[in-house]
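The values are calculated or read from the model by the stated rules, or taken from the named source; none is laboratory data. If you're wondering where the values come from, they're calculated on a predicted model, not measured in any experiment. Note that each Cβ is placed from the backbone with ideal geometry, even for glycine, and that neighbours are counted across all protein chains shown.
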């Protein structure tokens, strides 16, 4: 089933509005202190904020034909360039320099994000021509980006002032549950994970389409 270009454009506009509303909701909930750990309890609210959006996107890619059509039609270079938001990793380093974050969390999380964000334009440029080498670079870069986010989340939990914070004695991540820093784990991290999922679907769909075209041309 194919979808007309206007429908694809409408989906893009709708998704931007959803993202804006999502960011506003995170700021409101963060201002109310919902993400602040209480009495050492596990950070359930933050866990939901991190995991729910990318899982929802994966579900849509599996079950929603209109969403899959939009994901296939999206420009992989544009999706890749959106990862430039990862340069917010500089924020981790800035907060670390004033002793508000432990280095064991801030350094790997911040540097990893910066590497992904800074290299995104170069990866996108290589995708102008989707050669085999360009796609290998894209897949490797994407794997690094996903692993970096997962490592950051795990380290954040291990340094949290909760029952799961086994490394919190060396410094905790309380500031990450407060505005404005809460926007990173509760909005940017899940958004970037969702973008990685969409990008991988897009790349795989094009590869499969080319294989079908080559097969039919024989």
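Just a few scattered comments:
- Check on residue 44, within 21 Å of the chain's Cα centre (by Cα) and under 21 Å from residue 16 (Cα atoms): no
- Verdict on residue 204 being at pLDDT below 95, within 20 Å of the chain's Cα centre (by Cα), surrounded by fewer than 18 Cβ atoms within 10 Å (Cβ to Cβ) and not in a loop (DSSP other than H, G, I, E, B): yes
- Verdict on residue 69 being touching a helix residue (DSSP H, G or I) at 6+ places or on another chain (Cβ under 8 Å) and closer than 21 Å to residue 206 by Cα: yes
- Test: residue in segment 159-182 that is surrounded by 13 or more Cβ atoms within 10 Å (Cβ to Cβ), modelled with pLDDT of 95 or more, part of a helix (DSSP H, G or I) and within 16 Å of the chain's Cα centre (by Cα): no
- A single member of 134, 104, 120 is surrounded by 20 or more Cβ atoms within 10 Å (Cβ to Cβ), in contact with a helix residue (DSSP H, G or I) (Cβ under 7 Å, 6 or more places away or on another chain) and in a helix (DSSP H, G or I), and it is 120.
- Any chance residue 156 is over 20 Å from residue 43 (Cβ atoms), in contact (Cβ under 8 Å) with a residue 40 or more places away in the chain and buried (at least 18 other Cβ atoms within 10 Å of the Cβ): no
- Residue match in segment 73-84 (condition: closer than 25 Å to residue 54 by Cα, touching a helix residue (DSSP H, G or I) at 6+ places or on another chain (Cβ under 7 Å) and either assigned to a loop (DSSP other than H, G, I, E, B) or at pLDDT below 95 (or both)): yes
- Within segment 49-69, being part of a helix (DSSP H, G or I) and either at pLDDT below 95 or more than 24 Å from residue 116 (Cβ to Cβ) (or both) holds for 59, 62, 63, 65, 66, 67, 68, 69.
- Residue in segment 137-148 that is over 13 Å from the mean Cα position of the chain (by Cα), farther than 26 Å from residue 50 by Cβ, surrounded by 13 or more Cβ atoms within 10 Å (Cβ to Cβ) and modelled with pLDDT of 95 or more present: yes
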